[in-house]
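A.B. asks: Please see the structure below; I have some questions.
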Amino acid sequence: MSNYHIKHLEEYYQVYRKSVRNPEAFWEEIAEEHFVWRKRWDNVLSWDFKKPEIKWFEGAKLNITENCLDRHLPTRGDKTAIIFEPNNPKEEALHITYRQLHERVCRMANVLLDHGVKKGDRVCIYLPMIPELSVALLACARIGAIHSVVFAGFSSHALATRINDSDCKLVITSDGSFRGSKSIDLKVIVDKALEGCPGVANVLVVKRTGTKINMEPARDKWLQPLLDEAYADCVAEIMDAEDPLFILYTSGSTGTPKGMVHTTAGYMVYTAYTFKNVFQYREHDVYWCTADIGWITGHSYIVYGPLANGATTLMFEGVPSYPDFGRFWDVIEKHKVNQFYTAPTAIRALAKEKLEYLEKHDLSSLKVLGSVGEPINEEAWHWYNNNVGKKNSPIVDTWWQTETGGIMITPIPYVTPTTPTYATLPFIGIQPVLMNENAKEIKGNQVDGRLCIKFPWPSIARTIWGNHDRYRDTYFTAYENMYFTGDGALRDAVGYYRITGRVDDVIIVSGHNLGTAPIEDSINEHPAVAESAIVGFPHDVKGNALYGYVILKEVGESRDRENLRKEINQQITEHVGPIAKLDKIQFVTGLPKTRSGKIMRRILRKIASNDTSNLGDTSTLLNPEIVQEIIDNAL
Ligand code: 7RM
């Protein structure tokens, strides 16, 4: 039991050293003591980053749902596993116990079996944030089917592409979804997608909004009557450690989406262990991650990680702005949330609103605040720390990726002293390195480079579905014997990491390497600025120059634009240096964002370079309409 729960800094360093000196022995002990196995592994780890091939706990047999559900029944049967907070605050929240969740998963698993779904088959899940979504993931895992969740904000085209790429034979969806004051007819989107998906034999439909929908008699069925009739127990399929658990597509700023494949045992061990430590979860805590289960954050830290620890995990159906901008704070107060995990984009949006929304609520239950998805800028970090955490809840700035399966670089709250904008130290078992352009490792501190990981960890994605060559080329060829993250990072004097953004966001101006994040931070500190993004564009003398897109807090900001530009550049000069001054500053009303809240710099770069003839695929944007507006006003 010794190393499962890290409680102080000395212990972190000691366990970290142990995990690096002898990874096999370390992970074997964690796996042995904290999970239930049908058969023990023959070999803890075999790997070859050249092929690449990575296997953890080979030979072991297990079912992840026995670890997330069955084993908790004797001790936590009546404990709440999932709190469901509906979109409409007037609708009652649901508390689903471990016993009830087990039964619901078994029933859905039996329905899938009745529809001919077998071990290894792919099932597409296209659902809003309702309990059936978590149940569907676990039901697939129960019978060894591979789930492929597609975020229910994606278009029919994106859905069809993903269904076909992994050849799903069944789709689980709902009539519609509620999002704030709106409702979306999901089934219409599915119907349209399936016109191009001949491999789908069945669609199971959850009734959520009650909207009238079309049902194809031979293909579509309402789920609830089938669940009611299904048997309430279902024997778990015994899986190999390396059997695929799920496929999850990465948003992919270029090319077709990549179906990252995660396997069973290593993913379970790593997500459970990180969840316990990164959120310092204790038995009666209520944990809330605001991500959608359509993203990796939801898979690992709403469903699998929390449930493997017997935790209470909150699922929120709605949006932060409905019925008003106090909704997050209302939910925290109502359910006495102890750990709150959200994204910088949400924090910045809420920080723009009146503080009264927040001050009305009692947030004293909070113990840990989390951030994920993009670099958190200094201003947002302080706002989060001061107003949400009241300087009493450590912020864990967690860096990781769809491909890594679990959190990789992060503080451990109450253990690692935090520094704003720093993800701080590698988690136990993670061996980050910084590489330079000549593929040499950059040793020592106060350096920056490209972030790679030089040793496998249990939850690394094993391949890209149907395209192992692309997996190798994307992650393992840039640097020999390394996993390349695609991110840049710096390591400061004490060895803390700060993620500076995708390396394709690094802009070299007059021979100086400039990361976008620190420059954007300093722009955002200007009192009139809400958000900004900078990109490089070709420049005769400097090689590249900087182009800034700036959103003002007040659209009708009356001050002279030229003056504002001067002030922004003054701000940058003070915070980063004169080299980072912007050549052009365009005031915009929005930035093109992916549905997971990431700025699509590729588009901004093209506009800045006056090269808008081919902007590539903009269909995955949250706000495609902003693109033309920015083009029309480009400088
Ligand atoms: C979990 C998730 C991965 C990319 C990653 C980074 C960026 C994520 C942070 C971050 C700075 C962070 N998976 N990123 N977390 N950058 N600090 N704490 O977001 O596959 O959707 O995105 O997101 O660039 O490579 S993801």
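A.B. asks: Give me the Debye-computed log₁₀ of I(q)/I(0) at q = 0.10, 0.13, 0.14, 0.18 Å⁻¹ for the stretch 451-607, equal point scatterers on Cα only, no solvent, two decimals.
C.D. replies: Debye intensities relative to I(0), on a log10 scale: -0.46, -0.72, -0.81, -1.14.
A.B. asks: Now for a separate question. Step through the residues of the stretch 393-410 one at a time and calculate ³J(HN,Hα) from phi using the Karplus curve (6.51 cos²θ - 1.76 cosθ + 1.60, θ = phi - 60°), rounding each to whole Hz and writing x for Gly and Pro.
C.D. replies: 10, x, 9, 9, 8, 9, 9, 5, 9, 3, 5, 8, x, x, 5, 10, 10, 5
A.B. asks: Going by Cα centres, the stretch 45-107 and the stretch 270-327 are how many Å apart?
C.D. replies: 12 Å
A.B. asks: If we restrict to alpha carbons, what Rg and Dmax does the stretch 38-128 come to, in Å?
C.D. replies: For the stretch 38-128, the Cα radius of gyration and maximum Cα-Cα distance read 18.3, 55 Å.
A.B. asks: To the nearest 500 deg cm²/dmol, what mean residue ellipticity at 222 nm is calculated for the chain from DSSP H runs of n ≥ 4 alone, each contributing -39,500 (n - 2.57), summed and divided by the residues? List each step's numbers first, then the result.
C.D. replies: On the way: 20 runs with 184 residues, N = 635.
Helix-only estimate at 222 nm: -8000 deg cm²/dmol.
A.B. asks: Order of ASP292, ASP48, ASP540 from fewest to most other C-beta atoms within 10 Å?
C.D. replies: ASP540, ASP48, ASP292
A.B. asks: Once every Cα of the stretch 460-500 carries one equal point scatterer and solvent is ignored, give the base-10 log of I(q)/I(0) from the Debye formula at q = 0.15, 0.21 Å⁻¹, two decimals.
C.D. replies: One equal scatterer on each Cα of the stretch 460-500 leads to -0.48, -0.73.
A.B. asks: In what order do ARG104, ARG179, ARG17, ARG348 fall by count of nearby beta-carbon atoms within 10 Å, going from fewest to most?
C.D. replies: So the residues, fewest neighbours to most, are ARG17, ARG179, ARG348, ARG104.
A.B. asks: Report D for the stretch 526-635 in µm² per second (integer): Stokes-Einstein, Kirkwood Rh on Cα pairs, 20 °C, 1.002 mPa s.
C.D. replies: The estimated diffusion coefficient comes to 147 µm²/s.
A.B. asks: Along the charge dipole of the chain, pointing to its positive end and built from +1/-1 on Cβ of Lys, Arg, Asp and Glu, which listed residue (SER177, ASN88, GLY59) has its Cα farthest out?
C.D. replies: GLY59
A.B. asks: Do any cysteines of the chain lack a neighbour Cys whose Cβ is under 4.7 Å away, and which are they?
C.D. replies: Unpaired cysteines in the chain: CYS68, CYS140, CYS197, CYS289, CYS452.
A.B. asks: Moving to a separate point now. Each residue of the stretch 596-603 in order: what ³J(HN,Hα) in whole Hz does its phi give by Karplus 6.51 cos²θ - 1.76 cosθ + 1.60, θ = phi - 60°, with x for Gly and Pro?
C.D. replies: 9, x, 8, 5, 8, 5, 3, 5
A.B. asks: If Rh is defined by the Kirkwood formula over all Cα pairs and Rg also comes from Cα, what ratio Rg/Rh do you get for the stretch 420-492?
C.D. replies: Numbers: Rg = 13.1 Å, Rh = 13.2 Å.
My calculation of the ratio gives 0.99.
A.B. asks: Follow-up. Normalising by the residue count of the chain, find the relative contact order in percent from Cα pairs under 8 Å and 6+ residues apart. List each step's numbers first, then the result.
C.D. replies: Details: 1347 pairs, mean separation 71.3, N = 635.
Once divided by the residue count of the chain, the mean separation gives 11 percent.
A.B. asks: Going by C-beta contacts inside 10 Å, put LYS352, LYS169, LYS258 in order with the fewest on the left.
C.D. replies: Neighbour counts put them in this order, fewest first: LYS352, LYS169, LYS258.
A.B. asks: Using a Förster radius of 25 Å, what is the FRET efficiency between ARG21 and TRP47 based on their Cβ-Cβ separation? Nearest 0.05, please. Walk me through the numbers on the way to the answer.
C.D. replies: Values: r = 17 Å, r/R0 = 0.67.
Approximately 0.90, to the nearest 0.05.
A.B. asks: Write down, largest first, the equivalent ellipsoid semi-axes of the stretch 78-230 in whole Å, where each equals the square root of 5 times an eigenvalue of the alpha-carbon gyration tensor.
C.D. replies: 23, 20, 13
A.B. asks: Mind checking Rg over Rh on the stretch 271-356, alpha carbons, Kirkwood formula for Rh? Mind showing how you got there, number by number?
C.D. replies: Values: Rg = 13.1 Å, Rh = 13.4 Å.
Here Rg/Rh amounts to 0.98.
A.B. asks: Let's see if you can work this out: charge +1 on each Lys and Arg Cβ, -1 on each Asp and Glu Cβ, no other charges. What is the dipole magnitude of the stretch 342-412 about its Cα centre, in debye to the nearest 20?
C.D. replies: That gives a dipole near 220 debye.
A.B. asks: Can I ask one more? Of the listed pairs LYS39/LYS169; LYS61/LYS187; LYS182/LYS593; LYS90/LYS192; LYS119/LYS593; LYS276/LYS334, which have alpha-carbon separations greater than 27 Å here?
C.D. replies: LYS39/LYS169; LYS61/LYS187; LYS90/LYS192; LYS119/LYS593
A.B. asks: Collect residues whose amide H, placed 1.01 Å from N in the peptide plane, falls under 5 Å from the amide H of ILE172; neighbours closer than 5 in sequence don't count.
C.D. replies: Counting only residues 5 or more places away or on other chains, the set is CYS124, ILE125, TYR126, LEU204.
A.B. asks: Continuing with the same structure: Can you tell me the Rg and the Dmax, both Å, for the Cα atoms in the stretch 73-168?
C.D. replies: Every Cα atom of the stretch 73-168 included, Rg and Dmax give 15.0, 45 Å.
A.B. asks: At a Förster distance of 51 Å, what's the computed FRET efficiency of LYS390 paired with ARG219, Cβ-Cβ distance as r, to 0.05?
C.D. replies: 0.45
A.B. asks: Suppose every Lys and Arg Cβ carries +1 and every Asp and Glu Cβ carries -1, with no other charges. What dipole size does the chain come out with about its Cα centre, to the nearest 20 debye?
C.D. replies: Computed about the Cα centre, the dipole is about 360 debye.
A.B. asks: Against the globular-protein guess of 2.2 N^0.38 Å, express the Cα radius of gyration of the stretch 205-306 as a ratio, rounded to two decimals. Could the numbers behind the result be given before it?
C.D. replies: Working: Rg = 18.0 Å, N = 102, 2.2 N^0.38 = 12.8 Å.
Rounded to two decimals, the normalised Rg is 1.41.
A.B. asks: Follow-up question, since we're still on this one. For the stretch 12-163, report the translational diffusion coefficient in µm²/s to the nearest whole number, using Stokes-Einstein at 4 °C, 1.567 mPa s, and a Kirkwood Rh over Cα pairs.
C.D. replies: Values: Rh = 18.3 Å.
My calculation gives 71 µm²/s for D.
A.B. asks: Something else: What span do the alpha-carbon atoms of the stretch 183-246 cover on each of the three principal axes, reported in whole Å from largest to smallest?
C.D. replies: Largest first, the stretch 183-246 extends 41, 30, 26 Å along its Cα principal axes.
A.B. asks: Can you work out the base-10 log of I(q)/I(0) for the chain at q = 0.08, 0.11, 0.12 1/Å, using the Debye formula on its C-alpha atoms alone?
C.D. replies: Taking Cα atoms of the chain as identical point scatterers yields -0.56, -1.13, -1.37.
A.B. asks: For the stretch 534-573, just run the numbers: alpha carbon Rg, then divide by 2.2 N^0.38 Å, N being how many residues it has.
C.D. replies: Here the Cα radius of gyration is 1.40 times the empirical estimate.
A.B. asks: Can you tell me the convex hull volume per residue for the stretch 548-591, based on C-alpha atoms, in Å³ to the nearest whole number?
C.D. replies: Convex hull of Cα atoms, per residue: 74 Å³.
A.B. asks: Mind giving me the FRET efficiency for LYS553 and ARG282? R0 is 45 Å, r the Cβ-Cβ distance, nearest 0.05 is fine.
C.D. replies: Efficiency for this residue pair is about 0.70.
A.B. asks: Using the Cα atoms of the stretch 30-86 to build a convex hull, what is its mean projected area in square nanometres?
C.D. replies: For the stretch 30-86, the mean projected area of the Cα convex hull comes to 6.5 nm².
A.B. asks: On a C-alpha basis, how far is the centre of the stretch 137-201 from the centre of the stretch 542-590 in Å? Whole number, if you could?
C.D. replies: Distance between centres, Cα-based: 42 Å.
Laboratory data are not the source of any read-out in this text; all were calculated from the coordinates shown. None of the values given here were measured: they were computed from a predicted structure. Quick reminder, even Gly has a Cβ in these numbers, built from the backbone with ideal geometry, and neighbours come from all protein chains shown.
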